[in-house]
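The values are calculated or read from the model by the stated rules, or taken from the named source; none is laboratory data. Here the structure is a predicted model, which means the values were calculated and not measured. Because the Cβ atoms are built from the backbone with ideal geometry, glycine has one as well, and the counts that use them run over all protein chains shown.
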Amino acid sequence: MKAPTTRARVPLGRIAAWAVLVVAVVATVFPFYWMVRTALTPAADLYSDATGLLPEHPTMINFLRVLGLTSRQEARAAGGSGAKVDFLRYLLNSFVYCGLITVIQTQCCAMAGYAFARLRFPGRDLVFGVLIAALMVPPIFTLLPNFVLVKSLGWLNSFAGMVAPSVLMTPFAVFFLRQFFLSIPREIEEAATLDGVGGWGMFWRVVLPMSRGPLLTIGLTTAVWSWKDFLWPLLTGREEETRVLTVALGIFQQQAPNVQPDWTGLMAGSTLTVLPVLVLLVFLGRRLVESLNFTGIK
């Protein structure tokens, strides 16, 4: 007699978890998809073709006119205002702004975190408490004092003034790196000391190579934050020499002579603006996860 086969039951909780995960992924990805879909839609079809998941007449004209590869007449015929965005110049400005903040801030936060974790000096805990208390201060409260300071220094419309308030350190990054440095066994540093490694050598040659995961995490979050920053660059870098992409897209929207904004051109510019960060996450995301998994092994 053949034994009855039993079917493996899928737990209801697992099904619910996968359903929630799918809904969360769709809710996260859909705005980006709709931005790309709008960028590929002709301006004439923007409202008549507003319900389909794919544009009926996809076109690259919106990307071409944002990049300045079309004439003024072609741009107006495509539904734009004829205004051009010096995309490559603003892209370079964004790279300079983002790169300066990311590299210098990550390095300064690493040095500060290591100092709070390992060095002994008077008032260390008090200073660290004040630094952590700064997490409760909304950034908007420091916007006006920073602007007045930068203006008094004569640094408006310069990269020095744009990166000055953010280039040294942030409380969260210092706290995050300090907690990781505290988890490094002291025996490793004691062994390095026996080999004749000094204070600076300990930090640069021993601690930093072991901290690639946390440093990469802080670097990526700082890069994404500075890349999408709008308000501070708008206040301090409105000139052509220092204008970043986020500010340029805002000005591009204001240049439309019509009552309604140039949505197709704006979405094309937004798509091009997102691509560098997306490429960065694609190439470094897996390495980030692997580094964090490795550093998390005890």
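Can you find a residue that is surrounded by 10 or more Cβ atoms within 10 Å (Cβ to Cβ), modelled with pLDDT under 90 and of a type in the set (Gly, Ala, Ser) anywhere in region 149-158?
no
Quick one: in region 165-175, of everything that is at pLDDT 90 or above and aliphatic (A, V, I, L, M), which residue is surrounded by the most Cβ atoms within 10 Å (Cβ to Cβ)?
174
Under 7 Å between Cβ atoms, which residue pairs at least 6 apart in sequence (or on different chains) link something in region 26-38 that is touching a residue at least 24 places away in the same chain (Cβ under 8 Å) with a partner that is part of a helix (DSSP H, G or I) and loosely packed, with under 11 Cβ neighbours inside 10 Å?
none
Being at pLDDT 90 or above and either among the β-branched types (Val, Ile, Thr) or touching a Ser or Thr at 6+ places or on another chain (Cβ under 9 Å) (or both) is the filter here; which residues of region 8-24 pass it?
20, 22, 23
Residues of region 51-62 being surrounded by 10 or more Cβ atoms within 10 Å (Cβ to Cβ), out of contact with any Asp or Glu (no Cβ under 7 Å at 6 or more places or on another chain) and free of Cβ contacts under 8 Å to residues at least 12 places away in the same chain, which ones?
52
Can you name the residue in region 158-213 that is polar (S, T, N, Q) and under 18 Å from the mean Cα position of the chain (by Cα) and is also nearest to residue 129 (Cα to Cα) among such residues?
Among them, the one singled out is 170.
So if I check each of 37, 14, 76, 65, which one is over 24 Å from residue 240 (Cα atoms) and surrounded by 15 or more Cβ atoms within 10 Å (Cβ to Cβ)?
The match here is 37.
In this structure, is residue 242 polar (S, T, N, Q) and assigned to a helix (DSSP H, G or I)?
Values: polar (S, T, N, Q): yes; assigned to a helix (DSSP H, G or I): no.
No, not satisfied.
Which members of region 109-123 meet the condition of being within 15 Å of residue 178 (Cα to Cα) and either surrounded by fewer than 13 Cβ atoms within 10 Å (Cβ to Cβ) or of a type in the set (Asp, Glu) (or both)? Lay out the reasoning, then the answer.
Taking region 109-123 as the starting set, the residues that turn out to be within 15 Å of residue 178 (Cα to Cα) are 109-120.
Matches in region 109-123: 119, 120.
This table checks each residue for (1) closer than 19 Å to residue 103 by Cβ; (2) touching a Lys or Arg at 6+ places or on another chain (Cβ under 8 Å); (3) among the aliphatic types (A, V, I, L, M).
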| position | (1), (2), (3) |
| --- | --- |
| 189 | no, yes, no |
| 221 | yes, no, no |
| 248 | no, no, yes |
| 254 | no, no, no |
| 272 | no, no, yes |
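Which of the residues that make up region 84-94 are of a type outside the set (A, V, I, L, M) and either in contact (Cβ under 8 Å) with a residue 60 or more places away in the chain or touching a strand residue (DSSP E or B) at 6+ places or on another chain (Cβ under 6 Å) (or both)?
Within region 84-94, 86, 87, 89, 90, 93, 94 meet the criteria.
Rundown of residues vs (1) modelled with pLDDT under 85; (2) of a type outside the set (A, V, I, L, M, F, W, C); (3) at negative phi, yes/no style:
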{"position": "209", "(1), (2), (3)": "no, yes, yes"}
{"position": "225", "(1), (2), (3)": "no, no, yes"}
{"position": "233", "(1), (2), (3)": "no, yes, yes"}
{"position": "236", "(1), (2), (3)": "no, yes, yes"}
{"position": "243", "(1), (2), (3)": "no, yes, yes"}
{"position": "250", "(1), (2), (3)": "yes, yes, yes"}
{"position": "256", "(1), (2), (3)": "yes, no, yes"}
{"position": "268", "(1), (2), (3)": "no, no, yes"}
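Tell me which of these residue 109 doesn't satisfy, since it passes every other one: (1) in a loop (DSSP other than H, G, I, E, B); (2) at pLDDT 80 or above; (3) not basic (Lys, Arg).
Every condition holds for residue 109 apart from (1).
Suppose we filter 28, 51 for residues that are outside any helix (DSSP H, G or I) and either at pLDDT 90 or above or of a type in the set (S, T, N, Q) (or both); which single one remains?
51
Taking region 31-48 on its own, how many of its residues are at pLDDT below 85 and either under 11 Å from residue 267 (Cβ atoms) or in a helix (DSSP H, G or I) (or both)? Before the answer, list the steps.
Going through region 31-48, the residues at pLDDT below 85 turn out to be 43-48.
Next cut, either under 11 Å from residue 267 (Cβ atoms) or in a helix (DSSP H, G or I) (or both) only: 43-46.
Qualifying residue count for the region: 4.
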